[in-house]
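Reviewing the structure listed below.
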Amino acid sequence: MLKACELTCVKRDRVLFENVSLAVSAGELLYVRGPNGAGKTSLLRILTGLSTPESGTVLFNGEDIADSSLSYLSTLLYLGHKSGTNGSLSALDNLRFWLAQHQVKCEESQLFDALMRIGLVGLEDVPVRFLSAGQQRRVALARLWLKPADVWILDEPFTALDVKGIALLEGRMKSHVERGGVVITTSHQPLSEAAGEHSVFDLEYRF
Amino acid sequence: MSLYQGVFKRDVHIAFKQKAELLQPLMFLLMVVTMFPLGVSPSPDTLQRIGPGVLWIAAILSSLMAMERMFRDDFQDGTMEQYVLSGMSLAGISAVKVCVHWLVSFIPMLVLSPLLAMFLNLTFDMYVALLATLFLGTPLLSLIGAIAVGLTVGLQKGGVLLALLLIPVFIPLLIFATSAVDSAALQLPYYPQLAIIAAMLLLALAIAPFAIAYSLRVSQN
Amino acid sequence: MWKWLHPYAKTERAYQLCVTLQPWLWAGAGVALFVGTLWGLAFAPQDYQQGDSFRIIYIHVPSAILSMGTYVAMAVAALVGMVWQWRTAYMSMIAMAPVGAVMTFIALFTGAAWGKPMWGAWWVWDARLTSELILLFLYFGVIALYGAFEDKQQAGKAAGVMALVGVVNIPIIHYSVEWWNTLHQGATISKFDNPSIAPEMLWPLLINLLGFAFFIGAVTTVRLRNEIVLREMHRPWVQALAKKQVKGAQ
């Protein structure tokens, strides 16, 4: 489904990785592993199309994502280090706005349902900056229950989550993969059993 | 279209939640203008002569302070990434954000302008000319400024750099705007100056959104 | 054409081009500057109004013309880099920037030095001098923006945008300042009261202009070589080059 060919990434005149190729097919969870500074985030950002690689292409269903970005973006869900929520708006406002921008039709009841699953009931009207780091992460993660996307690219999604949150997220990833979706994720802790089967992609730190 | 309306509403909403950030540049403007009678001379003639220049310089300086917040929050909290991935046109979003920035930071300045004109002993004709130049010139400040803000938004200390980049670019506007007010003081027609400012504004309107989108992408990379 | 070449070859090719061009540029600069300056300072006739002090135009005018020319060249390089994604275009843009800034400074300095006997003051807000000063600010902006980024590739792109914004502004600045000047001061002494300059005076000027252009080209190639080597340190060809240099030195 998603294929990367011969990607090379240079940051600050240092080659992070060179000629990296990977392929993910429907129903696969890819766990990108590597030490700090190996270029995990850069790789994921290239896969989303946010940054352009020094050389190489990313293909989605055989088409270059640089050429057919709209069809790819409509089925892509990317969560980065930054949560993408404005601190002075409430969780509910943030999510509503995000859904509108991504042109996702969503009933109010679905929205509340997602907030309930992620454990934010009672906090939906509080400005996001008053929430704890873990709760803020949960607001960002609520999108996984809202946008019907096939490709999930999640950069360090477990950061700041408690044990329960991690289990919830791993379960969500597993069910998404079982439904034929694709998940590409990074994490410093190894994925547990709850995330289901997954393949591992190793990035080395280069000098 | 309603997508961009959504961005507009959200940005206005957020701007009004951060009133302090909107008011501080205005207070700065007021205080800079106050320094001139104290530092140069309180004589009405002198003030009238330097008034247009003082007002415009103060307006440019205070707008430089307010400029940074145009993309800063969205960039730092990751909203910008999500904009890029939403498939909306980044140039369109930039245009909306510039528009909001102009509304929330320059309209209050226009409201404050009668007071400043009074402080600097401008005549009524001069004030009308000043208002006209501000109406045409401040959107230009926002549009051009946004390009530089887009370029420096990823940097930790962009504040002084932003001024360094923008002040030389704003000089023609300063020249034409102050000369329009000067002409009004002499009861001369000042349409040519206004027409030139309007021409610059139209040029910026046509090109700047794309330049802003490009610079935001560069910062995102 | 370069776009289809292997990306590694691009910087290497540019480097090789610099190496080939460099001796020619230095030679051209040396000869033209020697001939032009000597002719201009020693042999060209005196000006009937300004005496010998007019001779500063042999430095002032070429540096002023080329300070603008270099900025335009930077903007062209930035545009090329933006359209065809050439890394070397951004590199040459930033290689030119300080050279152009120094040219602008020379033009300002000689202009001020000329102003002292002519206008009786070191600095007069003359239209041309003011435009040059603003041009210097534009150069500062590009250089400062480039320096502010740690990722130099991003820096090149950002500085390129600013160079293009600047080049759109140069004519606007030029005419606005000229107009402002006539409004505020009345006509100052124009440097070329009579537009026809005697050919004995003009020839050395043109030769010096050529010499300055060669000189800028030469310094730019040196800077571009440095920039390429610094940025491409991790490439095998640079490492091979460095090894060769070390062996040559021993």
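The values are calculated or read from the model by the stated rules, or taken from the named source; none is laboratory data. Treat the numbers as computed from the prediction; the structure is a model and nothing was measured. Positions of Cβ are generated from backbone atoms using ideal geometry, with glycine treated the same way; all protein chains shown enter the neighbour counts. Quick note on the areas: whole protein, heavy atoms, side chains included, nothing else; ligands and nucleic acids left out. Shrake-Rupley method; radii C 1.70, N 1.55, O 1.52, S 1.80 Å.
In this structure, does C:ALA75 turn out to be open to solvent by less than 30 Å² (accessible area, probe 1.4 Å), within 30 Å of A:LYS11 (Cβ to Cβ) and in contact (Cβ under 8 Å) with a residue 24 or more places away in the chain?
Considered against the rule, which asks whether it is open to solvent by less than 30 Å² (accessible area, probe 1.4 Å), within 30 Å of A:LYS11 (Cβ to Cβ) and in contact (Cβ under 8 Å) with a residue 24 or more places away in the chain, C:ALA75 comes out as yes.
Give me the residue from region B:182-195 that is within 18 Å of C:GLU178 (Cα to Cα) and away from every other protein chain (no Cβ under 11 Å) and, out of that set, nearest to the chain's Cα centre (by Cα).
First, pick out the residues of region B:182-195 that are within 18 Å of C:GLU178 (Cα to Cα): B:182-183, B:190, B:192-195.
Restricting the remaining residues to those that are away from every other protein chain (no Cβ under 11 Å) gives B:190, B:194-195.
Values: B:TYR190: 22, B:LEU194: 17, B:ALA195: 19 Å.
Of everything passing the filter in region B:182-195, B:LEU194 is nearest to the chain's Cα centre (by Cα).
What number goes with the only condition from (1) among the aromatic types (Phe, Trp, Tyr); (2) more than 11 Å from chain B (Cβ to nearest Cβ); (3) in contact (Cβ under 8 Å) with a residue 12 or more places away in the chain that C:TRP123 does not pass?
Evaluating C:TRP123 over (1) among the aromatic types (Phe, Trp, Tyr); (2) more than 11 Å from chain B (Cβ to nearest Cβ); (3) in contact (Cβ under 8 Å) with a residue 12 or more places away in the chain leaves (3) as the failure.
From the set of residues in region B:120-131 that are touching a residue at least 40 places away in the same chain (Cβ under 8 Å) and touching a helix residue (DSSP H, G or I) at 6+ places or on another chain (Cβ under 6 Å), which is nearest to B:LYS9 (Cα to Cα)?
B:LEU130
Give the residue that is farthest from A:ILE184 (Cα to Cα), with candidates limited to residues of region A:117-130 that are open to solvent by less than 20 Å² (accessible area, probe 1.4 Å) and touching a Lys or Arg at 6+ places or on another chain (Cβ under 8 Å).
A:LEU120
So, of the residues in region B:1-22 that are among the aliphatic types (A, V, I, L, M) and at pLDDT 90 or above, which turns out to be most open to solvent (accessible area, probe 1.4 Å)?
B:VAL12
Residues in region C:139-153: is at least one touching a residue at least 60 places away in the same chain (Cβ under 8 Å), open to solvent by 20 Å² or more (accessible area, probe 1.4 Å) and within 12 Å of chain B (Cβ to nearest Cβ)? Step through it out loud before you land on a result.
So the first thing to find is which residues in region C:139-153 are touching a residue at least 60 places away in the same chain (Cβ under 8 Å), and the list is C:139, C:142, C:152-153.
Those left that are additionally open to solvent by 20 Å² or more (accessible area, probe 1.4 Å): C:152-153.
Keeping just the survivors that are within 12 Å of chain B (Cβ to nearest Cβ) gives C:153.
The answer is yes; a qualifying residue exists.
What are the pairs, 6+ residues apart or on separate chains, where a residue within region B:196-221 that is under 15 Å from C:GLY160 (Cβ atoms) and at the interface with another protein chain (Cβ under 9 Å from one of its Cβ atoms) has its Cβ under 6 Å from a residue that is surrounded by fewer than 20 Cβ atoms within 10 Å (Cβ to Cβ) and among the small types (Gly, Ala, Ser)?
Final answer for the pair search is B:ASN221/A:SER51.
Considering (1) in contact (Cβ under 8 Å) with a residue 40 or more places away in the chain; (2) under 17 Å from the mean Cα position of the chain (by Cα); (3) more than 10 Å from chain B (Cβ to nearest Cβ); (4) open to solvent by 20 Å² or more (accessible area, probe 1.4 Å), say which one A:LEU141 fails and leave the rest.
Going through the list (1) in contact (Cβ under 8 Å) with a residue 40 or more places away in the chain; (2) under 17 Å from the mean Cα position of the chain (by Cα); (3) more than 10 Å from chain B (Cβ to nearest Cβ); (4) open to solvent by 20 Å² or more (accessible area, probe 1.4 Å), A:LEU141 breaks only (4).
Could you list, in sequence order, all residues of region B:55-102 that are open to solvent by less than 20 Å² (accessible area, probe 1.4 Å), away from chain A (no Cβ under 13 Å) and either of a type in the set (Phe, Trp, Tyr) or touching a strand residue (DSSP E or B) at 6+ places or on another chain (Cβ under 8 Å) (or both)?
Across region B:55-102, the qualifying residue is only B:TRP56.
Looking at (1) touching a His at 6+ places or on another chain (Cβ under 6 Å); (2) without any contact (Cβ under 8 Å) to a residue 60 or more places away in the chain, which one does B:SER142 not meet, given that it meets all the others?
(2)
If we keep just the residues of region C:89-114 that are touching a Ser or Thr at 6+ places or on another chain (Cβ under 6 Å) and closer than 16 Å to C:VAL219 by Cα, which is surrounded by the fewest Cβ atoms within 10 Å (Cβ to Cβ)?
Filtering region C:89-114 for residues that are touching a Ser or Thr at 6+ places or on another chain (Cβ under 6 Å) and closer than 16 Å to C:VAL219 by Cα, the one surrounded by the fewest Cβ atoms within 10 Å (Cβ to Cβ) comes out as C:ILE106.
Select, from C:GLU232, C:GLU227, C:GLU200, the only residue that is away from chain B (no Cβ under 14 Å), buried (at least 19 other Cβ atoms within 10 Å of the Cβ), modelled with pLDDT under 95 and within 28 Å of C:LEU33 (Cβ to Cβ).
Within the list C:GLU232, C:GLU227, C:GLU200, the selection yields C:GLU227.
Taking only region A:99-111 into account, find how many residues are open to solvent by less than 10 Å² (accessible area, probe 1.4 Å) and within 9 Å of chain B (Cβ to nearest Cβ).
1
Would you be able to tell me the number of residues in region A:65-98 that are open to solvent by 40 Å² or more (accessible area, probe 1.4 Å) and either in contact (Cβ under 8 Å) with a residue 12 or more places away in the chain or of a type in the set (D, E, K, R) (or both)?
Adding up the residues that qualify gives 8.
May I ask you to verify whether B:GLY159 is out of contact with any strand residue (DSSP E or B) (no Cβ under 7 Å at 6 or more places or on another chain), open to solvent by less than 60 Å² (accessible area, probe 1.4 Å), more than 9 Å from chain C (Cβ to nearest Cβ) and modelled with pLDDT under 95?
Criteria met by B:GLY159.
Could you tell me whether B:ILE175 is surrounded by 22 or more Cβ atoms within 10 Å (Cβ to Cβ), of a type in the set (Val, Ile, Thr), at the interface with another protein chain (Cβ under 10 Å from one of its Cβ atoms) and more than 16 Å from C:ILE170 (Cα to Cα)?
No; evaluated as a whole, the condition is false for this residue.
Scanning for something surrounded by fewer than 21 Cβ atoms within 10 Å (Cβ to Cβ), away from chain B (no Cβ under 14 Å), at pLDDT below 90 and within 26 Å of A:GLN189 (Cα to Cα), does region A:44-60 turn up at least one residue?
Looking through region A:44-60, none of the residues is surrounded by fewer than 21 Cβ atoms within 10 Å (Cβ to Cβ), away from chain B (no Cβ under 14 Å), at pLDDT below 90 and within 26 Å of A:GLN189 (Cα to Cα).
Is it fair to say A:ILE46 is aliphatic (A, V, I, L, M), without any contact (Cβ under 8 Å) to a residue 24 or more places away in the chain and within 21 Å of B:ASN221 (Cα to Cα)?
Here the answer is no, as A:ILE46 does not meet what is asked.
Being touching a Phe, Trp or Tyr at 6+ places or on another chain (Cβ under 9 Å), within 23 Å of A:ASP113 (Cα to Cα) and not aromatic (Phe, Trp, Tyr) is the filter here; which residues of region A:68-100 pass it?
A:THR75, A:LEU76, A:LEU77, A:LEU79, A:GLY84, A:THR85, A:ASN86, A:GLY87, A:LEU89, A:LEU92
Would you confirm, using the coordinates I've provided, whether C:ALA113 is of a type in the set (A, V, I, L, M, F, W, C) and more than 24 Å from C:VAL177 (Cβ to Cβ)?
No; evaluated as a whole, the condition is false for this residue.
Give region B:180-195 a look and list any residue that's outside any loop (DSSP other than H, G, I, E, B), touching a residue at least 24 places away in the same chain (Cβ under 8 Å) and not aliphatic (A, V, I, L, M), or say none.
Listed by number, the residues that qualify are B:ASP182, B:SER183, B:GLN193.
Kindly check whether there is at least one residue in region A:109-117 that is within 18 Å of the chain's Cα centre (by Cα), free of Cβ contacts under 8 Å to residues at least 40 places away in the same chain and more than 27 Å from B:ASP74 (Cβ to Cβ).
Scanning region A:109-117 turns up no residue that is within 18 Å of the chain's Cα centre (by Cα), free of Cβ contacts under 8 Å to residues at least 40 places away in the same chain and more than 27 Å from B:ASP74 (Cβ to Cβ).
Please verify whether region A:74-96 includes one or more residues that are more than 27 Å from A:TYR31 (Cβ to Cβ), away from chain B (no Cβ under 11 Å), at pLDDT below 90 and in contact with a helix residue (DSSP H, G or I) (Cβ under 9 Å, 6 or more places away or on another chain).
Scanning region A:74-96, I find no residue that is more than 27 Å from A:TYR31 (Cβ to Cβ), away from chain B (no Cβ under 11 Å), at pLDDT below 90 and in contact with a helix residue (DSSP H, G or I) (Cβ under 9 Å, 6 or more places away or on another chain), so the answer is no.
Scan region A:168-192 for residues that are exposed (fewer than 15 other Cβ atoms within 10 Å of the Cβ) and not in a helix (DSSP H, G or I) and jot them down.
A:ARG179, A:GLY180, A:HIS188, A:GLN189, A:PRO190, A:SER192
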